[in-house]
Amino acid sequence: MNLALNQLNLSQVASKTEVSVPQYDRENTEIGIVHLGPGAFHRAHQAVYTENALNLSGGNWGICGVSLRSATARDVLAEQNNLYTLAILDKNISYQVIGAVKELLVASEQTHEVITRMSAASTKLVTLTITEKGYCLAADGSLDLNHNDIKLDLANPSAPTSAIGFIVEALKTRQLNGISAFNVLSCDNVSGNGDKLRRAVLDYANQLDANLKSWIKNNVAFPNAMVDSITPKTEDYTIESVSKAIGMQDNWPIQREEFTQWVIENNWQGERPNWAAVGVIFTDDVEGFEKAKLRLLNCLHSTLAYAGSLAGFETVFDVTSDKGFYQFISKLASEEIIGSFNPPKELNAELYSKDIIQRFLNPNIRHLLAQIAFDGSQKIQMRILPTIEDNLRLGRSTTLLALSLACWFEFICQALKSGSEIVDPIASTLANMPQLKSNDVIEVVEAFLSIESIFDQTFRSNTQLKTQLANSLTALRLGDIKNISNIVDKLSA
Ligand code: CS2
């Protein structure tokens, strides 16, 4: 049995060229960042950039991770003094023991501790990976004041449950105590994530105290940001292989591809970790990077998640290795997505999309389609619908985008008919829509487009799009999706 990975045993981690450990004085590094939602992606991406900045330049940039509900991460990592291993599984394989996460709290159990940490003068930054649904937004991007979590928090603001509620309560405490505000940095796949988070926080604060809203508006920076690194969830084989590699028992390592990118808007108050020195790009044009990533990588991911699942594939690698699916997503990218947005001047969109598809073909990454398929009602709003809207407005093709969206429709319809679980914030809404079990594709399309939290009038009133969606559903139901090329050819004819 391996020694347990912890601070005491850190010096005994295997001394191999492919294994590295913290190079800074971890025990005397204070917490300067609070992160809401310390899931796998945070631990693979932001925490690693911060680790590398600490290794290079030091500073009090330790991270306090705050899980809004689940205690699992806190309880498992507490046994390891919050140390864990990042396994980079790509052409080259390496293992880095990460020490940046100094503390893990559970908001639902430790509300006071969380507010205390967030309102401490030493906390300069609050970052978030709470997924699209965590922003509690309405279809128009504003804060959904009817959202259960928001209603609950507005009724009891000193004991919040939502990320928005915690941010505002902490800022209120800082203002009362004469402590300067922190920066708030979203690290989610949400278009205009900083702007949307700022609007939601100000909408929420305004419900409580116009003076607080004004203070936040004038003192808090909410930079937009794009984040990218393919990070499958940790599985049993990950724990076994990583523990063997580092010669220590690590009960919650994180696996990731080698590629990683973080682009942050030049909109900042005060200090930050030396991220720029370890590869983070600070720029005025985040939107171009964000649209390129969401519309290419994430749209192709979601397309494969639904189409590939319907065809019986399990992983991104498996479905992308299929010639028909490879050609489908390549055609979707080159003919309908590229050209729908203005990429940053330094980005060649064609090469970028080809690189993305090559990343999907990483044989060392087992990325489950089922994981990507989660929360589809939220993800399609960032990944597929904006491109459809832009293409309709520009008179560009939407044939393959409609097929992509129809694959989500059919994925949901088949789950409802089979009674299998749907992991989605509006799962109960979908389950209470009998039209989704209809054999009439027109009825199914109209039913999906009637969901106002997802689709606006642009979709409901566009006859061409509705016809394309109906034709796509018919092709999926009558054709053999394993032979996706036939379906693509038929719809493109
Ligand atoms: C994936 C993303 O699970 C999903 O929805 O599309 O997590 C994707 O792996 C990352 O955005 C890649 O940067």
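Table: residues versus (1) outside any loop (DSSP other than H, G, I, E, B); (2) open to solvent by 20 Å² or more (accessible area, probe 1.4 Å); (3) modelled with pLDDT of 95 or more.
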{"site": "Arg43", "(1), (2), (3)": "yes, no, yes"}
{"site": "Glu51", "(1), (2), (3)": "yes, no, yes"}
{"site": "Asn55", "(1), (2), (3)": "yes, yes, yes"}
{"site": "Cys64", "(1), (2), (3)": "yes, no, yes"}
{"site": "Arg69", "(1), (2), (3)": "no, yes, no"}
{"site": "Leu77", "(1), (2), (3)": "yes, no, yes"}
{"site": "Asn81", "(1), (2), (3)": "no, yes, yes"}
{"site": "Leu86", "(1), (2), (3)": "yes, no, yes"}
{"site": "Lys102", "(1), (2), (3)": "yes, yes, yes"}
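Residue under question is Leu154, and the condition is that it be farther than 21 Å from Ala225 by Cα, open to solvent by 10 Å² or more (accessible area, probe 1.4 Å) and part of a helix (DSSP H, G or I); does it hold?
Yes; evaluated as a whole, the condition is true for this residue.
Just to verify a result, which residue in the range 274-298, among those that are in a strand (DSSP E or B) and free of Cβ contacts under 8 Å to residues at least 60 places away in the same chain, is farthest from the ligand (Cβ to nearest atom)?
Going through the qualifying residues, I end up with Phe282.
Scan the range 256-273 residue by residue and report those that are within 16 Å of the ligand (Cβ to nearest atom), surrounded by fewer than 18 Cβ atoms within 10 Å (Cβ to Cβ) and not polar (S, T, N, Q). Explain how you work it out, then say what you get.
Within the range 256-273, the subset within 16 Å of the ligand (Cβ to nearest atom) is 256-264.
After this cut, where a residue has to be surrounded by fewer than 18 Cβ atoms within 10 Å (Cβ to Cβ) as well, the list is 258-259, 261.
Within the range 256-273, Glu258, Phe259 qualify.
When residues of the range 402-435 are filtered for being open to solvent by less than 30 Å² (accessible area, probe 1.4 Å) and either over 26 Å from Gly134 (Cα atoms) or polar (S, T, N, Q) (or both), how many remain?
3
Regarding the range 350-359, can at least one residue be identified that is more than 26 Å from Gly288 (Cβ to Cβ) and at pLDDT 95 or above?
The answer is no; no qualifying residue exists.
Looking at the range 27-50, can you tell me whether even one residue there is of a type outside the set (Ser, Thr, Tyr) and in contact with an Asp or Glu (Cβ under 7 Å, 6 or more places away or on another chain)?
Yes; the residues of the range 27-50 include at least one that is of a type outside the set (Ser, Thr, Tyr) and in contact with an Asp or Glu (Cβ under 7 Å, 6 or more places away or on another chain).
Looking only at residues that are open to solvent by less than 10 Å² (accessible area, probe 1.4 Å), in a loop (DSSP other than H, G, I, E, B) and within 16 Å of the ligand (Cβ to nearest atom) in the range 183-228, which one is farthest from Val168 (Cα to Cα)?
For the range 183-228, the residue satisfying everything is Val190.
Could you name every one of the helices (runs of 4 or more DSSP H) located completely within the range 308-375 that has at least 1 residues being farther than 22 Å from Ile412 by Cα?
Because the criterion is at least 1 residues that are farther than 22 Å from Ile412 by Cα, the helices (runs of 4 or more DSSP H) in the range 308-375 that meet it are 316-320, 323-331, 349-360.
Having 1 or more residues that are within 16 Å of Tyr306 (Cα to Cα) and open to solvent by 50 Å² or more (accessible area, probe 1.4 Å) is the bar; report the helices (runs of 4 or more DSSP H) wholly within the range 444-493 that clear it.
In the range 444-493, the matching helices (runs of 4 or more DSSP H) lie at 463-478.
The values are calculated or read from the model by the stated rules, or taken from the named source; none is laboratory data. Given the structure is predicted, the values throughout are model-derived calculations rather than measurements. Don't worry about glycine lacking a Cβ; one is built from the backbone with ideal geometry, like all the others, and counts go over all protein chains shown. Note: accessible area is taken over every heavy atom of the protein model, side chains too, but ligands, DNA and RNA are not part of it. Shrake-Rupley method; radii C 1.70, N 1.55, O 1.52, S 1.80 Å.
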